[in-house]
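Data block below; observations after.
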Amino acid sequence: MGVGVAVAGLLPTVAETRVSALWGVGLAAVTGVVALLLKRRAMKQDLKAALKVVGVVFGLRMVAVLVGLVGLVSRGMPPVPFVAGFFGVYFALQWIEVSYVMAASKGAAGGDE
């Protein structure tokens with residue numbers, strides 16, 4: 001998330017582009033933190049709860065992207081930096097989330113399964 005903020009804050013030269021990219025990074029970071037918290041909580045339950053959380057988090061991220069895009073476009077800001085900022089951080093966070101779930105499921109299974 002820190003790298004995303006640094007890139008979005010330093011790379012774009014136009015202020016509107018920078019703001020758009022920072023909004024994308026920020027929304028991805030917020031949804032990533034929420035996703036990790038929800039997944040940690042679901043891992044204490046069962047597989048059905050974990051799958052529900054995957055669906056809920058996907059929906060949350062979809063709504064975040066739509067709201068962000070509508071908000072930026074309605075203010076005349078470019079949408080591409082927002083999308084690049086959001087999905088640049090999202091892909092890194094997705095890898096972290098999958099790694100976390102795999103590690104937690106191995107721990108719950110009791111070993112190297």
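Summary table
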{"read-out": "Reciprocal mean inverse distance between Cα atoms of the stretch 20-113 - Kirkwood radius, Å", "value": "14.1"}
{"read-out": "Estimated 222 nm signal from helices in the chain, with DSSP H stretches of n ≥ 4 weighted -39500 (n - 2.57), rounded to 500", "value": "-30500 deg cm²/dmol"}
{"read-out": "Environment charge at L37 (Cβ cut-off 13 Å; Lys +1, Arg +1, Asp -1, Glu -1)", "value": "+3"}
{"read-out": "Label-point gap, in nm, between A92 and A6 - each point 7 angstrom along Cα→Cβ", "value": "0.9"}
{"read-out": "Rg to Rh, two decimals, where the stretch 1-50 supplies the alpha carbon set and Rh follows Kirkwood", "value": "1.25"}
{"read-out": "Stretch in the chain that is longest and holds no trypsin sites (Lys or Arg not before Pro) that DSSP places in a loop and that have at most 13 other beta carbons within 10 Å", "value": "1-43"}
{"read-out": "Counted charge near M77, where neighbours are those whose Cβ lies closer than 14 Å (Asp, Glu -1; Lys, Arg +1)", "value": "+1"}
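Where a number appears in this text, it was derived from the coordinates with a stated rule and is not lab data. Computed from a prediction, not measured in an experiment: that's the story for all the values here. Every residue, glycine among them, receives a Cβ derived from its backbone with ideal geometry; neighbour counts consider all protein chains shown.
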